[in-house]
1. Those residues that are within 25 Å of the chain's Cα centre (by Cα), open to solvent by 30 Å² or more (accessible area, probe 1.4 Å) and within 17 Å of W158 (Cα to Cα), I need them from the range 19-37; list them, please.
2. Is there a residue in the range 116-123 that is farther than 26 Å from G31 by Cβ and under 15 Å from the mean Cα position of the chain (by Cα)?
3. Could we say that V128 is farther than 27 Å from E36 by Cα and touching a Leu at 6+ places or on another chain (Cβ under 8 Å) here?
4. Suppose we filter the range 1-14 for residues that are within 11 Å of F154 (Cβ to Cβ) and open to solvent by 40 Å² or more (accessible area, probe 1.4 Å); how many remain?
5. Kindly list the number of the only condition in (1) modelled with pLDDT under 90; (2) buried (at least 16 other Cβ atoms within 10 Å of the Cβ); (3) closer than 16 Å to L166 by Cβ that fails for A63.
Amino acid sequence: MTTKNRIEQMVGDVQIARYDYYSGHRYEVKGVPSLEGVKMRSVTGIIGHLAKQGLTNWLENNAREAVFTVLEQYQGHMNDGKLRQKVRDVVTLASTADTKSNRERGTNIHAAVDAYATDGTWDDHPEVEPALLAFKEFLEEHRLAVSSTETLVFSEKWRVGGTTDLVAFDE
């Protein structure tokens, strides 16, 4: 596997390292004898294989809506073969391109929230600002103070690693 990136953090006498590969993350811990030399899978990598029913439903609804739009647009103007192919094209597009753009949007929002939580940097990009404003209001409403972001964690028992997006506590 080719490593894209390596992140290390120290927690007391324990060193945690996250290796980012094109296929996901692996974690290693030094300073815990039972985990020396063990390359642990990420929690996200493990649960990513489980069915995400909400996402599946969302995708099916969007694909269905796209099909209805195409049917309304081309009804009576195409023979059955062309219409079927157009419907296939739209369903394929709805299940790939839209998901990719939403992933990119989520990544941008994640980065903006992390920057704001870390040093107060405000991103006023129209794609990001509504989510950032909601995050700020959530912190204020629940009187939470951010303790850390992007913190590496692991379970000795389950032999998995992960990265918390954010840790906060009551003010």
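The values are calculated or read from the model by the stated rules, or taken from the named source; none is laboratory data. Keep in mind that what you see is a predicted model, and the values were worked out from it rather than measured. As a convention, Cβ positions derive from the backbone with ideal geometry for all residues, glycine included, and neighbour counts pool all protein chains shown. When the accessible area is computed, the model is the full protein with side chains, heavy atoms only, and any ligands, DNA or RNA have been set aside. Shrake-Rupley method; radii C 1.70, N 1.55, O 1.52, S 1.80 Å.
1. Within the range 19-37, H25, R26, E28 meet the criteria.
2. Among the residues of the range 116-123, not one is farther than 26 Å from G31 by Cβ and under 15 Å from the mean Cα position of the chain (by Cα), which makes the answer no.
3. Values: farther than 27 Å from E36 by Cα: yes; touching a Leu at 6+ places or on another chain (Cβ under 8 Å): no.
It is false that V128 is farther than 27 Å from E36 by Cα and touching a Leu at 6+ places or on another chain (Cβ under 8 Å).
4. Our first condition is that a residue be within 11 Å of F154 (Cβ to Cβ); within the range 1-14, this holds for 9, 11, 14.
Still in the running and open to solvent by 40 Å² or more (accessible area, probe 1.4 Å): 9, 11.
Of the residues in that region, 2 qualify.
5. Here A63 clears every test but (3).
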